[in-house]
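**Student:** Okay, handing you the structure first.
The values are calculated or read from the model by the stated rules, or taken from the named source; none is laboratory data. From a predicted model like this one, the values you see are computed outputs, not experimental measurements. As a convention, Cβ positions derive from the backbone with ideal geometry for all residues, glycine included, and neighbour counts pool all protein chains shown. Accessible surface areas use protein heavy atoms only, side chains included; no ligands, DNA or RNA. Shrake-Rupley method; radii C 1.70, N 1.55, O 1.52, S 1.80 Å.
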Amino acid sequence: MADFDSYSDRRSLVSNDPDESHTGETNFISHSPQCKVYKRRWYVLFVFSLTSIVSNWMWNTWSPIQRPCRIVFGWQRWTILLLSSLGAIGPILGAAPSTWLMDTKGLRLSVLITSSLLLAGKIIQIIPFSNATLRTVIIFLGHLITMLPSFIANGGPPVVSSTWFPPKERTTATAIGTLAANLGSALAFFIGPLMMPITVKDADNTKLNLTNQEFNMVEIKIIHYFYVQIGPSAFLFLCVIVYFPSKPPLPPSIAALMKTRTKIGYKRGLGMLLHNRPYWLLVLVVSLSFGIYFGWTSVLDLAVQPFSIDAKTSGLLGTAGSLACIFSGVLIARSADFFKYWTKNILVVLFIGTVGMQLIFTLTCSRILPFFKEILFGSIIISGLLFNGTLALLFELIMECVYPIGEATAVGVGLVFGNVVILLFDVTFMLPLSDVRWMNWLCVGGIGVCVPLLLLYKSQYQRLDQDFDRD
């Protein structure tokens, strides 16, 4: 790693302007002839957040509407799980080219390719085929195409924040980009079931209880739903084409400026990560928490079906859990921006709270606790409030640990393993004799293990130490 740790090196990069901002015991140098913060950063964050919204809406397409899809396409439970598993297979296959694109070619080309594939994959799915098998294959192909670049949508927020935002806004920007994914998932939980006819909300995978007219109506509604998803995809593609720069003319912080001077290549960065033990501890936390929680939410309808919870209620549960996290996640991240060296402690508290709420939800579903919908909604909403603030903070903790290695590469490894966990989660329940009732217990245990792992981690803040006078 290049030697740029000295205080004198940092001071040489800034002007002697006496107007410097102060925060507590540290002094962040905000005026530099080689650093500048641009207002257009919020537009860049908006477009990138829209990318995440669209990508995760498509990722969560199938679970909320699995019952009407089973009627129209003749699918079984394992078909839905296999289709959902493409949401994990796609990022795994696309991880290497995605991280390489972001770290070497920049944000513009990465997001342009992502928006193109999201639009193309969805258009493919509306091509009409009379043959049921061929139609299913085309739907699978289209879904795989939309999922291949999803790593960029989910792993890119740290790249956007470090490239465009100053230290006092980095965690908040990462949180906004990360939590946009939850808005996409919430749209799938809400709009999907809302567009489906009432006649199939409680139907099994059979069309015997539907007339031909009702059956055709269900099929039309599913296609209309695909058209609804195409609209935001086309708008996103247009936004990127019109204006979406890779980086600002000048970096927003001393750390960002220093990083451009180290010139750590993609291969060298991977080699450095392999020997960074604290980093791998954080990767394990990300893999378990991200993989299990989002694997669980992607098949939430199946997870609660054995407990006599209908599709409408499961859809509302998913919507509530996804939306709850957005505002709290930004608030938590904003707090972390003010209490910068407390990130690990905040994470421990959030994980403990999440485990408690997931345990209450699981005990309620199993009827060990009295069954009330109010308890179900309350526990899953509070769980969403707590858990979804963790991913942005984990991303920031990883960035501090591995700086100045490329953000996409460092975060990418954790997300790849997280998607492997999601894939294992889905594949397990494709087995004919599998019992989905223990899915909720797996979520409780998997997230619970993250607490002692975090306690073992010794905090490092290498990037913050570059931006602040902390020697």
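**Student:** Out of (1) modelled with pLDDT of 50 or more; (2) in contact with a Lys or Arg (Cβ under 6 Å, 6 or more places away or on another chain), what's the single condition that is false for THR26?
**Tutor:** Against the list (1) modelled with pLDDT of 50 or more; (2) in contact with a Lys or Arg (Cβ under 6 Å, 6 or more places away or on another chain), THR26 comes up short only on (1).
**Student:** Within region 43-51, does at least one residue satisfy the condition of being open to solvent by 20 Å² or more (accessible area, probe 1.4 Å), within 30 Å of LYS259 (Cα to Cα) and hydroxyl-bearing (Ser, Thr, Tyr)?
**Tutor:** yes
**Student:** Moving to a separate point now. What do you reckon, is SER110 over 16 Å from TRP57 (Cβ atoms) and at pLDDT 85 or above?
**Tutor:** So SER110 fits the description; yes.
**Student:** Still on this structure, I have one more. For ILE220, indicate whether it is modelled with pLDDT of 90 or more and more than 28 Å from PHE327 (Cα to Cα).
**Tutor:** No.
**Student:** Would you be able to say whether some residue in region 69-86 is of a type in the set (Gly, Ala, Ser) and within 16 Å of ASN56 (Cα to Cα)?
**Tutor:** Checked against the condition, which is being of a type in the set (Gly, Ala, Ser) and within 16 Å of ASN56 (Cα to Cα), region 69-86 yields at least one hit.
**Student:** Can you give me the number of residues within region 62-106 that are under 16 Å from the mean Cα position of the chain (by Cα), buried (at least 24 other Cβ atoms within 10 Å of the Cβ) and β-branched (Val, Ile, Thr)?
**Tutor:** Total meeting the criteria: 1.
**Student:** A follow-up question, please. Of the numbered conditions (1) at pLDDT below 85; (2) open to solvent by 30 Å² or more (accessible area, probe 1.4 Å); (3) farther than 20 Å from ILE53 by Cβ, PRO197 fails exactly one; give the number of that condition.
**Tutor:** Evaluating PRO197 over (1) at pLDDT below 85; (2) open to solvent by 30 Å² or more (accessible area, probe 1.4 Å); (3) farther than 20 Å from ILE53 by Cβ leaves (2) as the failure.
**Student:** Would you mention how many residues in region 392-415 are polar (S, T, N, Q) and either closer than 12 Å to GLN462 by Cβ or open to solvent by 10 Å² or more (accessible area, probe 1.4 Å) (or both)?
**Tutor:** Selection size over region 392-415: 0.
**Student:** For residues that are in a loop (DSSP other than H, G, I, E, B) and farther than 16 Å from ARG40 by Cα, tally how many sit in region 158-177.
**Tutor:** Count: 2.
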